[in-house]
Amino acid sequence: MKTVLAGAFLALMVGAAHAGPVVVETAVRPLARPAGGGLVVAEVSGEGFAEWIGGFKQRAAARGIAPELLERAFQGVEFDEKIITRDRNQNEFTKTIWEYLDTAASDLRVTNGQAALKRERTALEAIEARYGVPKEIVTAIWGLESAYGTFRGETDIVEALATLAHDSRRSAFFEQQLMAAFDILQAGDVAPRDMKGSWAGAMGHTQLMPTSYLAHAVDFTGDGKRDIWGDDPQDALASAAAYLADAGWVKGMPWGMEVVLPEGFDYEIAGEHETRSAAEWNAMGVRDIEGREVPDHGPASIRLPGGAQGAAFMTFGNFMVIERYNTADAYVIAVGHLGDLIAGGKRIQSGWPRDDRALTLAEREELQTRLEAAGFDSGGVDGKIGPKTLAAVRAFQKSIGVVPDGYASLRVLQKLR
């Protein structure tokens, strides 16, 4: 995994209408906010917020934003302490890859996805024809981002981004997003109070940040507006496809596939930075889940999001394209797997080490600290399990004679202790 999963993007009490008891479906975006439990109390303050807004108005007006729009959009906007608390505590709670997939690719989400695809088939087929991105992949993104439009977020985007931009932690990033939001408002695509989304600024059916909207959103319906917020999802779905196409989506290339690794496989060559041709992987004995040689879709990597005891995936160039939408490997696997299931494909066949649990933030920091102390460069102590930490885990595993799968598990931490 590139990053340890933070909690799902909560969208509780949302579901598709159907006969019988109401079943809850959630939107799930890893790395967005905590998955459960209570939030750690963070000291937040809105002191100086009105003055900050005054300064922002001057900066925005200097960039050409109409003063009357600034006055109208900021009317009633207040500092929201709850948003800062969420932002500062989003990495504390974690999920394993299998826990995430249990929700992200649940039977309900597959059923609702097939129904959503059927409902929007004409538009989705036209979107696929224009952008080359499979309709099932676009539908899967829609399902993970907003539960097929049933949870688009009710947070006022101007208020959320202003709150986050006033805070010191990531002020430059969120001011950039707020400025982009005003570019969108000035273009007339949406009214200020109709610009709603998540607490972190992602908007509409497919949860685009304002800068991503400006770069990739399209007016697919031809009504003169790029409307990703309304009940009609066509512009949002086309915008998600355009995003992937702009990122380099290759038509006809899968995101990846589950594979079976041969006995004696060299786990040191697994990972995103190791690529081989299909011929090379086949020569090593790697096979698809049916026991056949793997097809040639260009350079491919082997990923082990649950370590050597979990499912193995061969991933192709389009995997990295979906990563541009969300960098969490689990999200990419969920999009690909959910898309496959919506298309009628099979569930992941291999098991997972379900007796494992995800490391807490404190344990991730301890893991990095102990790796550093043992002479393995983890890239610093920040609680984020990125490529350097995974390489350090692999090197430590090799040094003690265990399978070097690079899986940052509780067992590895216990051995370091």
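If you check L338 against the conditions, is it within 30 Å of M209 (Cα to Cα) and buried (at least 23 other Cβ atoms within 10 Å of the Cβ)? Yes; evaluated as a whole, the condition is true for this residue. Contact map, segment 235-258: residues that are within 19 Å of L117 (Cβ to Cβ) paired with residues that are aliphatic (A, V, I, L, M) and open to solvent by 20 Å² or more (accessible area, probe 1.4 Å), Cβ distance under 6 Å, separation 6+ or inter-chain. Pairs shown: A238/V218; S239/V218; A242/V218.
When every residue of segment 142-160 is checked against the conditions, none turns out to be open to solvent by 10 Å² or more (accessible area, probe 1.4 Å), closer than 24 Å to A330 by Cβ and touching an Asp or Glu at 6+ places or on another chain (Cβ under 6 Å). The helices (runs of 4 or more DSSP H) falling completely within segment 309-417 that include 2 or more residues that are within 16 Å of Y267 (Cα to Cα) map to 387-399. Restricting attention to segment 373-398, the residues that are open to solvent by 70 Å² or more (accessible area, probe 1.4 Å) and in contact (Cβ under 8 Å) with a residue 12 or more places away in the chain total 5.
With respect to the conditions (1) open to solvent by less than 40 Å² (accessible area, probe 1.4 Å); (2) over 30 Å from E47 (Cα atoms), L164 lacks only one, and its number is (2). No other residue among G351, G406 is touching a Gly at 6+ places or on another chain (Cβ under 8 Å), within 24 Å of V335 (Cβ to Cβ) and either among the polar types (S, T, N, Q) or surrounded by fewer than 17 Cβ atoms within 10 Å (Cβ to Cβ) (or both) apart from G351.
Can you confirm whether E268 is in contact with a Ser or Thr (Cβ under 9 Å, 6 or more places away or on another chain), among the charged types (D, E, K, R) and within 28 Å of R303 (Cα to Cα)? Taking the combined requirement at face value, the residue does not satisfy it. Of the residues making up segment 282-309, those that are surrounded by 21 or more Cβ atoms within 10 Å (Cβ to Cβ) and over 19 Å from V332 (Cβ atoms) number 1.
The values are calculated or read from the model by the stated rules, or taken from the named source; none is laboratory data. A quick note: this is a predicted structure, and the numbers were derived from the prediction, not measured. Using ideal geometry, Cβ is built from the backbone for each residue, glycine included, and neighbour counts are taken over all protein chains shown. The accessibility values were calculated without ligands, DNA or RNA, using every heavy atom of the protein model including side chains. Shrake-Rupley method; radii C 1.70, N 1.55, O 1.52, S 1.80 Å.
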